[in-house]
Structures are given as structure tokens and as C-alpha cells.
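Below is one structure; the comments refer to it alone.
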Amino acid sequence: MKGDEVVRKTLAVVAGIMLAGVIAGCGSGSKGGETSADTAANAAGGAVKKIVVGTGTAFPKICFIDENGKLTGFDVELVREIDKRLPDYEFDIQTQEFSNLLLSLETKKIDFVAHEMEKNPERTEKYLFNKEPYAHWRNKIIVAKDNDSIHSLDDLKGKKVLTGATSAEAQILENYNKEHDNAIQIVYQNGAANDTVNQITTGRVDATIGADFSLPLIDPQGKLKVTGDDLSEHDILFVFRKDDPEEQKLADAVDGAIKELKQDGTLGKLSKEWLGSDFTADK
């Protein structure tokens, strides 16, 4: 019996060693609680990189909260389409006040801005833009429908003009004021787009500046109109941090996805769906 007991103990020890080996084998390559999907991703060349995308909630049809409480719009859905085509990245869309977006980019709270950002000389000095435009627009003066006295920036001298802080439209007004002794009274906007219509129609301000496609989006009842010649014409791109190799790599990847979206017609389709026409190409 003693011999049988020794055999049984020996077999138990061997079984224990084998079981330990199996457990160790399952754990190898899965440090930090990695799943099989994580392991597969690492084997394919590294983990997916999370990217925080900054946008707003107050631009109708561009980035807004719909009646179901969902963040949506042209820029939002475009970012989601780009995300689908970049397996190395995972986009997390976060919302902020428009005036905070560029500061959040500088302080690395977000990785790029998606909010119909125009490329202009002032911004180019501080920020990196991707190269492939996803829209193209012209800025014009917007006034009340019965206003026939304003047709140019010179006509805005002594007038109150509403604009968003840090916007490209604000830059147009600020540049004019630098050369004309602050002739225009710039009113920086904190409210949503529908507040623009109210402020102009009630006479609290005399005008605003906006993109050619934006008027029917902010003023579906047709209380306002555009007037005068184009004030500026710009490509619309995403904004990234400058002098950052990882940001440049991300911008290049985004460019590749936008080219695909143009080629297969998805970009033009999104523009027509949200903006009413195709504003995705140079004109």
C-alpha cells in the first residue's frame, strides 16, 4: 500500500505541474488583463490609439444635439466615417464651447478640432491643418431681410456686428478694425446660432458674418439675408497641434481617409444630406 500511495502522490505532483504550465501558458502575452482581441491587435502591429476629437453643440446641421439627444451633424458624421476607415485609431468625440476648442488643442485636452474650421494665415501660424479639404466656403455679411443699407465692411462702421470669439469671421472684423481705428463695434457671441437671428431681427446688433451655406441652417424661417461681395474664401479642414510628429501622422492618416470618402462619393452625400448641397469641392 505504501508503494501505491507514493505513486498516487507522484501523479498528483505531476498533474499539478502540468496544470500550472497550462495556466502560465494562458497568461503569457496577456499582461495587464489583455483580451485575445488586444493580443491580436498587438500581434498585428500595436494597440489601437485613442484620439479625442473636439467639436461643439451649437451649430445647426454641423455639430448639434438632435431631438433624441444625439450628437450629430455634418462634421460629426464625417468624423465617424473617417474613424471607420482608420483601424489604427479610435476616435472619442467630445463637445466644448467653440471658443475653448483651440485652447484645448494647445493644452492637449483634445487631439484635433472638427468644427468647420477655415484655414487662414493667422491660424496657420499657430496650428497644423490637414491637407485635404472636406468643404469649401465663402464668407458674407448677413443682415435682416428688410435692411438695404449694408453691403460692405465700410457700411458696418459704427454698427454692432455679432461674431463668435476665435472664429475666422471674427478675424475678418478684427483685421478691418486694425486698419480703421476700431470702426466696427464687435459683439462676441456666447449663445447658440438661433440667438443670432433674434439679435439681428430685434436690432440688438446690425449684422453678422457667415459662410454661404450657413444662412438657411441658422435661419430656416428666412428672416435674414446675405448682402455684398464675398469677404473671404477658404478651404475647411481639421486643426491639429503644430510641430508634433504624432499629430502630423494623424493628419496624414485623416487625409487618406478623406480622399477615399471623396472618391467613393460618401463625402458629397454627407454634404447634401446635412447642408442641402455639395460644398465639398473648390469652386
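Odds and ends about this structure:
- LYS126 at pLDDT below 95, touching a helix residue (DSSP H, G or I) at 6+ places or on another chain (Cβ under 9 Å), among the charged types (D, E, K, R) and open to solvent by 40 Å² or more (accessible area, probe 1.4 Å): no
- Unmet criterion (only one of (1) open to solvent by 40 Å² or more (accessible area, probe 1.4 Å); (2) closer than 18 Å to PHE74 by Cα; (3) under 16 Å from the mean Cα position of the chain (by Cα)) for PHE238: (1)
- Scope the stretch 164-178; condition hydrophobic (A, V, I, L, M, F, W, C) and surrounded by 18 or more Cβ atoms within 10 Å (Cβ to Cβ); matching residues: ALA168, ALA170, ILE172, LEU173
- Among the criteria (1) touching a residue at least 40 places away in the same chain (Cβ under 8 Å); (2) over 17 Å from PRO121 (Cα atoms); (3) not assigned by the TED database to the domain that holds SER104, the one GLU247 does not fulfil is (3).
- Meets criteria (open to solvent by less than 80 Å² (accessible area, probe 1.4 Å), closer than 30 Å to TYR176 by Cβ, at pLDDT below 95 and small (Gly, Ala, Ser)) for SER99: yes
- Count of the stretch 216-238 residues, restricted to those that are under 20 Å from TYR188 (Cβ atoms) and hydrophobic (A, V, I, L, M, F, W, C), is 3.
- Boolean, THR124 is among the hydroxyl-bearing types (Ser, Thr, Tyr) and part of a loop (DSSP other than H, G, I, E, B): no
- Among residues of the stretch 126-169, those that are among the charged types (D, E, K, R), over 20 Å from GLN96 (Cβ atoms) and under 20 Å from the mean Cα position of the chain (by Cα), counted: 3
- So GLU273, is it surrounded by fewer than 17 Cβ atoms within 10 Å (Cβ to Cβ) and outside any loop (DSSP other than H, G, I, E, B): yes
- Against the list (1) in the same structural domain as ASN130 (by the TED database); (2) part of a helix (DSSP H, G or I); (3) not hydroxyl-bearing (Ser, Thr, Tyr), the condition PRO216 fails is (1).
- Residue within the stretch 41-57 that is part of a helix (DSSP H, G or I), open to solvent by less than 70 Å² (accessible area, probe 1.4 Å), at pLDDT 95 or above and closer than 23 Å to GLY256 by Cβ present: no
- Residues of the stretch 234-257 that turn out to be outside any strand (DSSP E or B) and in contact with a strand residue (DSSP E or B) (Cβ under 9 Å, 6 or more places away or on another chain), as a count: 10
- Look at the stretch 60-73: where a residue is free of Cβ contacts under 8 Å to residues at least 40 places away in the same chain and crowded, with 20+ Cβ neighbours inside 10 Å and a partner is part of a strand (DSSP E or B) and among the small types (Gly, Ala, Ser), sitting 6+ places away or on another chain with Cβ atoms under 8 Å, you get PHE64/ALA58.
- The single condition among (1) open to solvent by 40 Å² or more (accessible area, probe 1.4 Å); (2) part of a helix (DSSP H, G or I); (3) at pLDDT 50 or above that GLU77 does not meet is (1).
- Filtered residue count, the stretch 129-163, keeping only those that are part of a strand (DSSP E or B), open to solvent by less than 20 Å² (accessible area, probe 1.4 Å) and more than 26 Å from GLU247 (Cα to Cα): 8
- Just one of (1) surrounded by fewer than 14 Cβ atoms within 10 Å (Cβ to Cβ); (2) under 27 Å from LYS262 (Cα atoms); (3) modelled with pLDDT of 95 or more fails for HIS115. It is (1).
- Positions within the stretch 120-138 being among the basic types (Lys, Arg) and within 28 Å of LYS269 (Cβ to Cβ), in sequence order: LYS131, ARG138
The values are calculated or read from the model by the stated rules, or taken from the named source; none is laboratory data. All values derive from a computational prediction rather than experimental measurement. Positions of Cβ are backbone-derived with ideal geometry, glycine not excepted, and every protein chain shown enters the neighbour counts. Accessible surface is based on the protein model in full, side chains and every heavy atom, while ligands, DNA and RNA are left aside. Shrake-Rupley method; radii C 1.70, N 1.55, O 1.52, S 1.80 Å.
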